[in-house]
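To start, the structure under review is shown below, and the notes come after it.
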Amino acid sequence: MTAILLCVGALDVENEAHGRLDPAAAELFRGALARARWIGERPTAGAQTRELAHETWLREIFSVDRSASIGAYNGWTASESDLPADDWIVRPVHLQLARDHIILSPPSGTALTSNEAEALLAIVNDHFSGREVRFEPIGAERWRLRCAPPLRLVPWSSALASGRDIFEFLPDGEDTWRWRRLHDEIQMLWHDHPVNIAREARSEEAVNSVWIEGHCTQPSAQGAPFSRVLAQTPVLAGLARAAGVPVREWTPPASAADAGYDELVQALSEQQPVLLEFALWDQDTAGADWRGITTGWSALGAALTPVLDKVPRARELELVLTGRERIVRLGWSPADGWKFWRRFDPARLASGSGRHG
């Protein structure tokens, strides 16, 4: 049985373009993962996707319908299983005004309390009263939008748009201008709202817009061949719950003393197929700061190096490494430890070589 390690954002876009490999990644593949083998590689850009590569991989493995958005499962709970198919999942966001464009801020800076969400929703729903437009809270930062007639839109992944000029990622479709009018009215309502005045006084980002994540459908559990999932992000946690797969939210361990260490050892040792998410690579695309890549590879090495010698000989590990538009799959097994002639060339991760070894 195979344990799949999904390494979200592990492929450094900037270094890939220049044919360089992150030093921390090179160290890991020359050490603990030296006997790794190349399984395959594929780009996702040619598939006309509106999402990041790891979202495409999750869509395929969980058999998510093309009409649904992976980001829309962020925070999904069982209470949503009977939501109307025409409802849109939206979330409050902060749009940052740059010199000649507008940037979508990462969601970590716009955390809302339930009271703040209630106040922002109240003014919006009051404004749209009588126009068959209503926002309803599912959580403080997860709302559903109900319109009559339903909006006909094709949205973009907020994960793909985060840190970038939003004009490249605005929803399109038959009701594009209808949505943009609603969107503009919401921005005006929230511009000087007491919630935002108070947030800015606390040096917090104002909540000045909403982002349409997309629809949710019920994934097929048959398309997710895992006995359980260890999820680091609420997107994967929600998706697993929607598919009926047992899931536990976790933080990968930084050392053997961390709480997640025993959980990682158990997951890699059991005989059932499991999915473990490592979302350790933090890319500040708005500031062109790629130091998070090195931090991520160092964190992966710290988590895996102490446990690999405890993996049973018959266990197979598969590392799924993703970037913006690229997926690389690597295999590793303790049974290959005696193959002293096998040395994985980590430079292939940067060059995109598809050679097998």
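Candidates are the residues of the stretch 35-48 that are touching a residue at least 12 places away in the same chain (Cβ under 8 Å) and not hydrophobic (A, V, I, L, M, F, W, C); the one that is nearest to A161 (Cα to Cα) is T44. If you go through the stretch 62-80 and pick out every residue that is modelled with pLDDT of 85 or more and either closer than 15 Å to F135 by Cα or open to solvent by less than 50 Å² (accessible area, probe 1.4 Å) (or both), you end up with 10. In a residue-by-residue description of the stretch 107-125, the property of being under 22 Å from the mean Cα position of the chain (by Cα) and aliphatic (A, V, I, L, M) applies to at least one position. Please go through the stretch 1-23 and pick out each residue that is at pLDDT 85 or above and open to solvent by 10 Å² or more (accessible area, probe 1.4 Å). Residues satisfying the conditions are T2, I4, V8, G9.
In the stretch 297-322, the residue that is nearest to Q232 (Cα to Cα) out of those that are among the small types (G, A, S) and open to solvent by 10 Å² or more (accessible area, probe 1.4 Å) is A299.
Residues checked against (1) surrounded by fewer than 18 Cβ atoms within 10 Å (Cβ to Cβ); (2) outside any loop (DSSP other than H, G, I, E, B):
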{"residue": "D82", "(1), (2)": "yes, no"}
{"residue": "R91", "(1), (2)": "no, yes"}
{"residue": "Q96", "(1), (2)": "yes, yes"}
{"residue": "A111", "(1), (2)": "yes, no"}
{"residue": "V124", "(1), (2)": "no, yes"}
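Of the residues making up the stretch 244-265, those that are within 23 Å of the chain's Cα centre (by Cα), under 18 Å from S298 (Cα atoms) and aliphatic (A, V, I, L, M) are A254, L264. When I186, I212, I197 are checked against the criterion of being over 30 Å from A267 (Cβ atoms) and open to solvent by 80 Å² or more (accessible area, probe 1.4 Å), a single residue qualifies: I197. Name every residue in the stretch 300-325 that is in a strand (DSSP E or B) and not β-branched (V, I, T), in order of residue number. E316, L317, E318, L319, L321 - these are the residues of the stretch 300-325 that are in a strand (DSSP E or B) and not β-branched (V, I, T). Which members of the stretch 43-75 meet the condition of being within 14 Å of the chain's Cα centre (by Cα) and part of a loop (DSSP other than H, G, I, E, B)? Listed by number, the residues that qualify are R50, E51, L52, S69, N74, G75. Only residues that are open to solvent by 30 Å² or more (accessible area, probe 1.4 Å) and not in a strand (DSSP E or B) were counted in the stretch 126-139, giving 6. Considered as a group, the residues in the stretch 266-284 that are under 15 Å from the mean Cα position of the chain (by Cα) and open to solvent by 10 Å² or more (accessible area, probe 1.4 Å) include one that is modelled with the highest pLDDT, and that residue is A279. Answer yes or no: is there a residue in the stretch 286-296 that is more than 18 Å from the chain's Cα centre (by Cα), modelled with pLDDT of 85 or more and surrounded by fewer than 17 Cβ atoms within 10 Å (Cβ to Cβ). No: the stretch 286-296 contains no residue that is more than 18 Å from the chain's Cα centre (by Cα), modelled with pLDDT of 85 or more and surrounded by fewer than 17 Cβ atoms within 10 Å (Cβ to Cβ). The numbered conditions (1) of a type in the set (G, A, S); (2) modelled with pLDDT of 90 or more; (3) not in a loop (DSSP other than H, G, I, E, B) are all true for A34 except (3).
The values are calculated or read from the model by the stated rules, or taken from the named source; none is laboratory data. Nothing here was measured: the structure is a model prediction, and the numbers come from that model. Virtual Cβ from ideal backbone geometry, glycine too; neighbours counted across all protein chains shown. Areas reflect the complete protein model, heavy atoms only, side chains present, ligands, DNA and RNA absent. Shrake-Rupley method; radii C 1.70, N 1.55, O 1.52, S 1.80 Å.
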